[in-house]
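Only one structure is covered here, and it is reproduced in the block below.
The values are calculated or read from the model by the stated rules, or taken from the named source; none is laboratory data. Computed from a prediction, not measured in an experiment: that's the story for all the values here. Here the Cβ positions follow ideal geometry from the backbone for every residue, glycine too, while neighbour counts run over all protein chains shown. We work out accessible area using only protein heavy atoms, side chains counted, and drop any ligands, DNA or RNA first. Shrake-Rupley method; radii C 1.70, N 1.55, O 1.52, S 1.80 Å.
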Amino acid sequence: MTNATNPLLDFTDLPRFDLIQPEHVKPAITQLLADGRSLIESLTAEGTPATWSDFAGALSDGLEGLGRAWGVVGHLHSVNDVPAWREAYNEMLPEVSRFYTELGQNLKLFDKYRALKASPEYATLNAEQKKIVDNEIRDFRLGGAELPEEQKPRFQAIMEELSQLAAKFSENLLDATNAFAEVVTDEAQLAGLPDYAKEAAREVAQKAGIDGWKFTLHAPSYGPVMQYADNRELRARMYRAYATRAAEIDNGYSKPEWDNGPLMKRILELREEDAKMLGFANFAEVSLLPKMADTPVQVLAFLRDMAKKAKPFAEKDMAELLAFAKDELGIADFQPWDAAYVSEKLQQARYAFSAQEVKQYFIEPKVVGGLFKVIESLFGLLVKPDTAPVWHEDVRFYRIETPAGELVGQFYMDLYARETKRGGAWMDEARSRKHQAGGVQKPIAYLNCNFARPVGGKPATFTHDEVITLFHEAGHGLHHLLTRGTELGVSGIHGVEWDAVELPSQFMENYCWEWEVLQGMTAHVDSGEPLPRALYDKMLAAKNFQSGMMTVRQLEFSIFDMRLHCEFDPKGERTVMDLIREVRDEVAVLVPPEWHRFPNSFSHIFGGGYAAGYYSYKWAEVLSADCYAAFEEAGNPFDPVVGKRYLDEILSKGGSRPALENFKAFRGREPSPDALLRHSGMIAA
Ligand SMILES: [Zn+2]
């Protein structure tokens with residue numbers, strides 16, 4: 001197959017979803033990988049000048065086709081996961097991964113980037129180009145490229161051992177999770193549990209060939225028991241089993257080889273060694289280098305300030321919970337395994353409203369129209385239907401234009417769940433903005449959700465949570481589409497710091513709570529009436545239920561994670577459990593029992609990529625709330641001056657400027673947690 005006949009290799013405009021078939025994948029990707037390898041070969045040759053146009057720009061432009069074609073394949077694998085597409089994707093996945101791994105380790109590329117940085121030309125590059133060169137050098141440096149030759153084998157060995165330890169940590173946790181089962185044979189023991197939870201447990205039992213109901217430590221089984229089961233002993237047993245997974249404690253089902261304790265110690269030792277080799281004081285500094293936050297001290301100060309402000313509200317939440325447990329449920333000796341159960345009962349008593357009733361007001365045409373109206377009012381742009389080849393008949397395609405009719409970007413919207421579509425909601429890029437010969441390449445995005453499709457000739461209705469999800473993903477989409485970036489490496493969401501990437505998405509969620517916006521985007525599926533004020537008030541009241549307690553819990557994990565990676569000595573006397581106890585003394589209101597081994601199941605930081613990065617959740621919430629507060633201070637969620645400034649200083653900048661500079665240019669000051677605290681009902685009136 002030639003370029004002319006393989007539609008995956010057609011980059012002239014929109015992806016050819018009308019023509020692309022699984023059999024196109026192997027020939028197209030194989031060719032693009034080969035082209036990429038020979039391009040890298042020629043760009044790293046001694047004779048190639050280390051200039052922007054001959055090297056860095058040529059590399060980025062030259063590999064764009066591979067990124068776009070593989071992006072289409074990955075997208076189709078996610079939204080149309082039929083056997084033929086799964087096979088085509090999986091066949092090429094190892095090849096593509098290997099290509100990018102090699103790219104990141106190619107020291108000849110590193111040398112060229114360094115030569116470019118050291119050349120007189122560097123000073124003449126624009127801000128975007130400089131940022132790309134700096135990012136590349138930083139990433140190579142963090143990968144050990146600058147180490148003396150004799151140290152490189154040790155560094156490589158550390159990296160490999162760390163990735164094995166991370167995998168083992170997760171495996172131990174999974175094995176421990178899977179090993180436990182609670183079988184109930186007397187239905188009376190299951191009082192309080194909703195039918196769906198009982199049915200699921202019944203099915204698990206049947207599959208195992210046993211009578212009764214079988215409960216496990218997996219969230220869909222464990223969660224409902226803790227939340228709804230009236231049987232306190234059942235909750236206590238499952239809580240203990242859950243809290244002691246992958247620990248040294250003999251809980252009756254665990255095996256000593258699943259203990260994650262020694263792994264944590266080893267992981268922390270190796271991370272520290274890695275950091276020291278790279279010339280940093282500790283691993284937290286390594287983790288923060290490519291992030292928005294500057295130093296561990298700054299992050300800890302941020303978290304502690306927030307904890308200090310949230311703790312009185314958390315204590316109030318806790319007191320309320322204890323009082324309700326005692327007065328209404330007769331639980332005088334409140335225990336941690338009562339927390340979810342009592343909370344559920346308290347919420348029902350205080351803030352009950354029917355999510356089902358709310359759903360009747362959020363009909364699809366109103367919600368989608370409401371989203372577009374927010375975008376139009378906020379940024380002075382237009383969203384219009386457009387046409388393109390699509391991968392499924394339900395997919396819609398739109399364009400964003402300036403009032404003068406100039407195209408800004410385009411996006412696909414694939415809202416409904418299908419059997420062949422991966423779960424959840426996500427935004428992805430189909431093409432990024434850049435300057436090229438003859439003009440500007442305009443960006444294109446995919447917005448994917450998993451909402452229920454319309455039935456019975458009526459429009460689809462969405463829960464309020466689903467509406468928030470749609471706005472969230474649209475926020476990521478706007479970050480990609482409204483960029484003014486002209487270089488691929490920092491255009492749109494490219495190159496945006498990891499702890500700042502959720503700012504534009506969470507920002508958009510605020511509009512789903514504006515009374516004025518909700519009036520315009522609701523119409524009851526039968527009566528056509530907008531959302532009633534009384535129902536809205538109940539939604540608002542429920543929104544901040546226990547927000548103090550939830551905040552200090554997240555802060556406890558974040559402070560523990562940061563201190564573990566900046567001040568804890570894994571070889572010292574003090575244990576990981578000692579450290580979390582210290583953190584709890586400082587911030588927690590609901591203190592787990594002595595035998596609780598939370599760190600042993602903290603996969604985010606030991607089995608995943610969140611080490612010295614767990615704070616990012618709260619950090620991004622603070623940023624987005626603080627940005628939204630600028631509109632509140634102006635007295636208008638659509639204030640045109642503030643909207644333009646948000647677009648100019650944050651959205652359109654993408655990764656071309658550090659996120660903190662973007663924020664300060666928009667807000668005129670450093671971020672403050674006050675807006676988030678106020679939005680969560682935690683500013684004392
Ligand atoms: Zn997001």
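Mind checking whether some residue in segment 159-176 is closer than 30 Å to S60 by Cα and either open to solvent by less than 40 Å² (accessible area, probe 1.4 Å) or of a type in the set (A, V, I, L, M) (or both)?
yes
Can you tell me which residue within segment 608-628, out of those that are open to solvent by 30 Å² or more (accessible area, probe 1.4 Å) and outside any helix (DSSP H, G or I), is nearest to S547 (Cα to Cα)?
Y610
For segment 137-158, how many residues are open to solvent by 30 Å² or more (accessible area, probe 1.4 Å) and farther than 11 Å from L270 by Cβ?
Final tally of qualifying residues: 13.
Tell me which residues, restricted to segment 369-425, are within 16 Å of the ligand (Cβ to nearest atom), open to solvent by 20 Å² or more (accessible area, probe 1.4 Å) and either modelled with pLDDT of 95 or more or in contact with a Ser or Thr (Cβ under 7 Å, 6 or more places away or on another chain) (or both).
If the condition is that a residue be within 16 Å of the ligand (Cβ to nearest atom), open to solvent by 20 Å² or more (accessible area, probe 1.4 Å) and either modelled with pLDDT of 95 or more or in contact with a Ser or Thr (Cβ under 7 Å, 6 or more places away or on another chain) (or both), then R422, A425 are the ones that fit.
Check L535, L555 and return the single one that is under 22 Å from L300 (Cβ atoms) and part of a helix (DSSP H, G or I).
Of the residues listed, the single one that is under 22 Å from L300 (Cβ atoms) and part of a helix (DSSP H, G or I) is L555.
With the condition kept exactly as written, say whether any residue in segment 247-262 is of a type in the set (S, T, Y) and part of a helix (DSSP H, G or I).
The answer is no; no qualifying residue exists.
Please go through segment 252-264 and give me each residue that is within 19 Å of S603 (Cβ to Cβ) and either of a type outside the set (K, R) or under 28 Å from the mean Cα position of the chain (by Cα) (or both), ordered by number.
Within segment 252-264, S254, E257, W258, D259, N260, G261, P262, L263, M264 qualify.
In segment 209-222, how many residues are free of Cβ contacts under 8 Å to residues at least 24 places away in the same chain, under 25 Å from S601 (Cβ atoms) and open to solvent by 30 Å² or more (accessible area, probe 1.4 Å)?
The total comes to 2.
Checking the structure you have, find out if any residue of segment 336-353 is under 29 Å from the mean Cα position of the chain (by Cα), surrounded by 18 or more Cβ atoms within 10 Å (Cβ to Cβ) and over 30 Å from E233 (Cβ atoms).
No, segment 336-353 has no match at all.
I468 fails exactly one of the following numbered conditions: (1) open to solvent by 10 Å² or more (accessible area, probe 1.4 Å); (2) among the β-branched types (V, I, T); (3) in a loop (DSSP other than H, G, I, E, B). What is the number of that condition?
I468 satisfies every listed condition except (3).
As an exercise: evaluate H480 against (1) of a type outside the set (G, A, S); (2) at pLDDT 95 or above; (3) more than 16 Å from the ligand (Cβ to nearest atom); (4) within 29 Å of F11 (Cα to Cα) and give the number of the one condition it does not meet.
(3)
Looking at the structure I just gave you, is K291 buried (at least 17 other Cβ atoms within 10 Å of the Cβ), farther than 26 Å from Y351 by Cβ, touching a helix residue (DSSP H, G or I) at 6+ places or on another chain (Cβ under 9 Å) and not small (G, A, S)?
For K291, the condition - buried (at least 17 other Cβ atoms within 10 Å of the Cβ), farther than 26 Å from Y351 by Cβ, touching a helix residue (DSSP H, G or I) at 6+ places or on another chain (Cβ under 9 Å) and not small (G, A, S) - is met.
Quickly run through segment 27-36 and pick out the residues that are surrounded by fewer than 17 Cβ atoms within 10 Å (Cβ to Cβ) and either hydroxyl-bearing (S, T, Y) or under 11 Å from Y89 (Cα atoms) (or both).
Correct list: T30 only.
With surrounded by 20 or more Cβ atoms within 10 Å (Cβ to Cβ) and either touching a strand residue (DSSP E or B) at 6+ places or on another chain (Cβ under 8 Å) or closer than 23 Å to N282 by Cα (or both) as the only criterion, which of V587, V552, V583 stands out?
Of the residues listed, the single one that is surrounded by 20 or more Cβ atoms within 10 Å (Cβ to Cβ) and either touching a strand residue (DSSP E or B) at 6+ places or on another chain (Cβ under 8 Å) or closer than 23 Å to N282 by Cα (or both) is V583.
Could you please find all residues in segment 574-588 being within 27 Å of the chain's Cα centre (by Cα) and not in a helix (DSSP H, G or I)?
A588
What number of residues within segment 485-517 are assigned to a loop (DSSP other than H, G, I, E, B) and within 16 Å of the ligand (Cβ to nearest atom)?
Residues in segment 485-517 being assigned to a loop (DSSP other than H, G, I, E, B) and within 16 Å of the ligand (Cβ to nearest atom): 10 in total.
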